[in-house]
Structure formats: structure tokens, C-alpha cells
Amino acid sequence: MGMVIDGKWRLEDRKPDEKGRFVRVETRFRDRITADGASGFPAEAGRYHLYVSWACPWAHRTLILRKLKHLEDAVSLSVVDAFMGEMGWEFTSAPGAIPDPLYGKRYLHELYIQAQPGYNGRASVPVLWDKQRECIVNNESREIVRMFDTAFGAINGSPVKGAAAPADYCPPEMEAEVERTIDAIFQPINNGVYRCGFARTQQAYEEAVTELFDALDHWEQVLGTRRYLCGDRITEADWFLFTTLVRFDPVYHFHFKCNKKRLRDYPHLWNYTRELYQVPGVAETCNFDHIKRHYFQSHETINPTRIVPMGPDGVDFAEPHGRNRSYSS
């Protein structure tokens, strides 16, 4: 795996901490699109372009909000190839991939270097690009999701068709709880599966896998008493958990050694994941071919043969979820 150093692509592996723990590098581009344009990035139809991977759970969050907020015509899209090799994310014409229409770049890292010639850091997805100013607005999925949810309720003065409210998934009265919940699931679950898979020592792995399943046990209990993480409506927190859970049995359980239990062994989490998958439009953002091929073929240190397993059987997210009942918090 490589990264950009002083504006040039270098083959350099991630460095663990002194105890062999996986360390996630912070994102660097943190500007905001706002409804009123006060940030310098106004919400305008056709101005922004989103670069993603179907495989990446962080990018998947932005794809879901783009779909649910009916922004497909407002924010154009490119999708990298499922396989990530020595040169990082690549634009190809393979099934499911959508090449870069703006500059014809071959690799995602070339966009980072174009945006900031002396850039130092990872070339990750998602990337939200401003076509007018020719720069990266933001590459932090959590912030892109919030922008899609709140800034694009109206574009050029006209309401977005189908966007019921300017903050459907983080209403002001719930913002504090949504933020707390997102924080609570990030380290042990969203990042936790990676901490398991990329651990370099037994101690680091056991620490991560214990925290992961303790957290899953906790949210299994919570979802036995309420329909969604923050109560009776779907919020950003649910979509953030969903993109990890939907990959759990097909990939993380085996590939990242998260094998104490399967998602299907958690009745509430399993049905909850299926319910979210069945929200209209969400299934269209789930490309399991890209998901499996990316993880099993790209991580040579974990799977040197790059063989993609055929299973697992029994993972059907379209089956009835049974969560249409009353819950008492």
C-alpha cells in the first residue's frame, strides 16, 4: 500500500504503533459546502463531483446519502476499480467502475497531487471535488454525509425533489445524540474491524476483537429495545453502522479474523441490517462483487493467494426483517 509524500506517490506500508496496533491516518481536506455559500462552497447543482469505491465502507456512507437525498443529478460520480494495487485506487473500465470524466486521471492519487502539489498523506475515498475551483472540498466521509444531509435541501433556490427536510438524518433536536452515537461506534466497530484485520501482534488483535464484540453485544441489546440506534427514526449513525455490518459476514468475519460470532448470530443486529438494506434505494449502493474482490484481492499481506471465497451462503439481506413492531426505549 502506498501514499503521497511531498507530492509524489511512494510505496510505503502503514506503520503500526509500538504495540502493533493499526493506526488510521486522519483526513486532510475539511472545507464545507453550505446552503448560503458563506464557506466559499455554495450548494449548486452540477458543481461537485464525488469519487468513491463501492467496496469502501467510508465511501459507501456518502453514496447512501447521495441516493437518499436525491442528489444523483446534482453531484456527479466516479467509481474506482475494486482492486487496489501498488499504485492505489485506479480508474478503469471494469464492470461497476466509472472513469474520471473531469481530467481522465488513471489513479486517484493524481487528483490529490493536482489539488495540492506538495501533498503528504493517503489518497483515500471518498473525495468531494469542486469542478469550478478545481480542488478537493472534503475527503472526510462523516462531514460529506452531513453536507449532503443539510446543505443540499435547496439548490440554486429550488427545493431538491424528494428531500423531505434539510436535515432528514440529523435533525437539530437529535444532533447531540447522533454525534455521541457516531463517536461510540467508530473506534470499536467501524475502525475496529480494521484494527482486527491489520493488527501486527497477538496482543493488538485480541484487544481489538474484544472491543469489537463487546460493542456489538451492547448494540444488540439496544436494538432489542428501540428500532434504531437513536430511537424511532433512522439517523446518520444508523447508516454509519450499516456500512460495516453489511460487510461483516461476507468479508470481516473471515478476512479480518472477526470470527467470534457472525452478524447472523445477533438476531437484532441481523434484522436491523436487513431493514436498512431494504430502505428504497439503499440496495443499489451495495455492490458485493466489488466488496469481496477488493478485500480478498487487494490485501496481499492478509490473503497472499488473492483467492476470493465463494461463500458465505445464507446471507440474504432481502429476506423479511421482522422489525415492524413497537419498541419501548
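Read-outs: derived from the displayed coordinates by stated rules, not from any lab. No experiment lies behind these values; they were computed from the predicted model shown. For neighbour counting, all protein chains shown are included, and Cβ atoms are generated from backbone atoms with ideal geometry for every residue, glycine included.
Cβ-to-Cβ counts within 10 Å put Thr301, Thr244 in ascending order as Thr301, Thr244, the fewest first.
Counting only DSSP H runs of at least 4 residues, each contributing -39500 (n - 2.57), and dividing by the residue count of the chain, the helix-based mean residue ellipticity at 222 nm comes to -9000 deg cm²/dmol.
Only one residue of Val178, Gly192, Ile234 has its Cα farthest out toward the positive end of the dipole of the stretch 173-298, where Lys and Arg carry +1 and Asp and Glu -1 on Cβ, and that residue is Gly192.
Dividing the convex hull volume of the alpha-carbon atoms in the stretch 2-159 by its residue count gives 118 Å³ per residue. For the stretch 1-73, the Cα-based Rg and Dmax, in that order, read 16.8, 47 Å. In a DSSP loop and with at most 13 other Cβ atoms within 10 Å, the trypsin sites (Lys or Arg not before Pro) in the stretch 284-329 are Arg306, Arg325.
Restricting things to alpha carbons, find the Rg to Rh ratio for the stretch 162-217 using the Kirkwood radius for Rh. Don't skip to the answer; put the middle values down first.
Values: Rg = 15.7 Å, Rh = 12.9 Å.
For the stretch 162-217, the value is 1.21.
Annotation: lysines with alpha-carbon distance below 28 angstrom to Lys260 (same-chain offsets under eight excluded): Lys15, Lys19, Lys292.
Cut-off is 10 Å between beta-carbons; in what order do Ile189, Ile113 appear when sorted fewest neighbours first? Walk me through the numbers on the way to the answer.
Numbers: Ile189 22, Ile113 17.
Listing Ile189, Ile113 from fewest to most nearby Cβ atoms yields Ile113, Ile189.
Given +1 at the Cβ of Lys and Arg, -1 at the Cβ of Asp and Glu and no other charges, the dipole of the chain around its Cα centre is 360 debye to the nearest 20. Remark: Asp130, Asp232 ranked as Asp232, Asp130, counting other beta-carbon atoms within 10 Å and listing the fewest first. Applying the Karplus relation 6.51 cos²θ - 1.76 cosθ + 1.60 with θ = phi - 60° to the stretch 203-208 yields 3J(HN,Hα) values of 4, 5, 5, 5, 4, 5 Hz, where x marks Gly and Pro. In this structure, the amide hydrogen of Lys105, modeled 1.01 Å from its nitrogen in the peptide plane, lies closer than 5 angstrom to those of Asp100, counting only residues at least 5 positions away or on a different chain. Scanning residues 5 or more positions from Thr34 or on other chains, those with amide H under 5 Å from its amide H are Ser39, Phe41, Ala43, with H placed 1.01 Å from N in the peptide plane.
Only Cα sites of the stretch 257-326 enter the Debye sum here, all with the same form factor; the resulting log10 I(q)/I(0) across q = 0.11, 0.12, 0.28 1/Å is -0.36, -0.43, -1.26, listed in q order.
A Cα-only calculation for the stretch 173-298 places Rg and Dmax at 14.4, 44 Å.
For the chain, what is the convex hull (Cα atoms) projected area averaged across all directions, in square nanometres? Let's see the in-between values first.
On the way: hull surface 66.4 nm².
Computed as one quarter of the Cα hull surface, the answer is 16.6 nm².
Could I get the Rg over Rh figure for the stretch 79-119? Both from C-alpha atoms, Rh via Kirkwood, rounded to two places. Let's see the in-between values first.
Values: Rg = 10.4 Å, Rh = 10.5 Å.
That ratio is 0.99, to two decimals.
Here's the picture: charge each Lys and Arg Cβ at +1 and each Asp and Glu Cβ at -1 in the chain, and of Ile5, Ser78, Gln114 the one pushed furthest to the positive end of that dipole is Ile5. Here, P(r) means the percent of Cα pairs in each 10 Å bin from 0 to the largest distance; for the stretch 67-159 it is 14, 45, 33, 8, 0.
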